[in-house]
Ligand code: NAD
């Protein structure tokens, strides 16, 4: 759910009237009554669409809905322009303004609006909990009357927002944690969370990539795969989070690597929606290969709807704070780098430079 009742109150303080579709909050345990009590109007979907200047949703509305929108209406949602390019083109031709929340620039001023970070935080947390519950062993070291149990070993591929969260949770549960990443900047962060950063020499980094990873050379990939293979054989759990924006996820765990892992080990592949870091991953499936459980799942936030909605709503409110003037009017200032970077289409034109790059638009 894009906005919970608690956040409706904050929106109203900005001078905004809020309309919520009947039963929209049910999955996040927010009833129509609680929305009404917080000052929102609850109504049928068509009335919400008709009455609003701006529509907030987690995922883009259906293709069929586009025709029902008024020209000039603003849609604000996670868009994923590379995959939803046809949808976006229809919205552009219909004259809608589309704000793609997944395009919010990764700059300090926009940190409080960063929906991808919020969702990655949940994914990293849930991935470790799921691995711990599936593993036929303890995570922490135990010294008991029945003998000493060694701590589990967790290998984390990719130390972005999800990976670092996974390091923190796995350490809290008492596991020994090792981490691979191609960006040397994360080395200190991994260490400060109690993980061990495994460095592979020769990683390519690009200061112009906005803090993101870039495609690596074949020589580097081979060196990295050898090391990952060795560390995976010693691991009980592998959490895969490595991604390169706008591209297929790098394949870091080959079939042979999985075959060399201990039976009972668990791989959670958070990169599954973009192809997966493990060669054997099947998106949205749980499979077992030679006793190793592999879960391909990129959508853990939907398993934690209350806090996912709370974080999502807070991110949106922080974005709206720079879009709503003191009289409660919506102002789309395309000179602002956050608004410009987030606006996919406006007045039948593509605006965001990143969308143009993704869709190859000159
Ligand atoms: P992401 O989801 O794009 O990728 C996850 C991690 O995988 C990254 O750390 C990346 O370096 C790593 N990776 C990619 N290819 C790899 C490979 N071949 N081997 C090993 N690791 C590989 O990353 P993210 O979580 O979205 O974060 C990307 C960057 O953006 C980080 O520097 C983060 O601190 C920064 N960030 C900034 C803001 C902000 O300032 N508003 C918000 C969120 C994230």
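Kindly indicate whether residue 121 is away from the ligand (no atom under 16 Å from the Cβ) and at pLDDT 95 or above.
Values: away from the ligand (no atom under 16 Å from the Cβ): no; at pLDDT 95 or above: yes.
It is false that residue 121 is away from the ligand (no atom under 16 Å from the Cβ) and at pLDDT 95 or above.
Against the condition away from the ligand (no atom under 15 Å from the Cβ), loosely packed, with under 13 Cβ neighbours inside 10 Å and assigned to a loop (DSSP other than H, G, I, E, B), how does residue 136 come out, does it pass? Can you show your working first?
Values: away from the ligand (no atom under 15 Å from the Cβ): yes; loosely packed, with under 13 Cβ neighbours inside 10 Å: yes; assigned to a loop (DSSP other than H, G, I, E, B): yes.
Spelling it out, residue 136 is indeed away from the ligand (no atom under 15 Å from the Cβ), loosely packed, with under 13 Cβ neighbours inside 10 Å and assigned to a loop (DSSP other than H, G, I, E, B).
Please work out which one of (1) part of a loop (DSSP other than H, G, I, E, B); (2) at pLDDT 95 or above is the condition residue 288 fails and give its number.
(1)
Look at segment 175-192 and say how many of its residues are over 20 Å from residue 252 (Cα atoms) and surrounded by 16 or more Cβ atoms within 10 Å (Cβ to Cβ).
Of the residues in that region, 3 qualify.
Can you tell me how many residues within segment 221-255 are away from the ligand (no atom under 13 Å from the Cβ), under 22 Å from residue 298 (Cβ atoms) and surrounded by fewer than 16 Cβ atoms within 10 Å (Cβ to Cβ)?
Total satisfying the criteria: 1.
Going residue by residue through segment 113-128, is there one that turns out to be touching a helix residue (DSSP H, G or I) at 6+ places or on another chain (Cβ under 7 Å), more than 13 Å from residue 343 (Cβ to Cβ) and surrounded by fewer than 17 Cβ atoms within 10 Å (Cβ to Cβ)?
Our first condition is that a residue be touching a helix residue (DSSP H, G or I) at 6+ places or on another chain (Cβ under 7 Å); within segment 113-128, this holds for 113-128.
After this cut, where a residue has to be more than 13 Å from residue 343 (Cβ to Cβ) as well, the list is 113-128.
Filter once more, keeping what is surrounded by fewer than 17 Cβ atoms within 10 Å (Cβ to Cβ): none.
No, segment 113-128 has no match at all.
Considering only residues that are surrounded by fewer than 24 Cβ atoms within 10 Å (Cβ to Cβ) and more than 16 Å from residue 126 (Cβ to Cβ), look in segment 148-167 and name the one that is farthest from the ligand (Cβ to nearest atom).
Of everything passing the filter in segment 148-167, 148 is farthest from the ligand (Cβ to nearest atom).
Just one of the numbered conditions (1) modelled with pLDDT of 95 or more; (2) more than 29 Å from residue 7 (Cβ to Cβ) is not true of residue 215; which one?
Against the list (1) modelled with pLDDT of 95 or more; (2) more than 29 Å from residue 7 (Cβ to Cβ), residue 215 comes up short only on (1).
The values are calculated or read from the model by the stated rules, or taken from the named source; none is laboratory data. Since the structure is predicted, the reported quantities are computational estimates derived from the model, not experimental observations. Quick reminder, even Gly has a Cβ in these numbers, built from the backbone with ideal geometry, and neighbours come from all protein chains shown.
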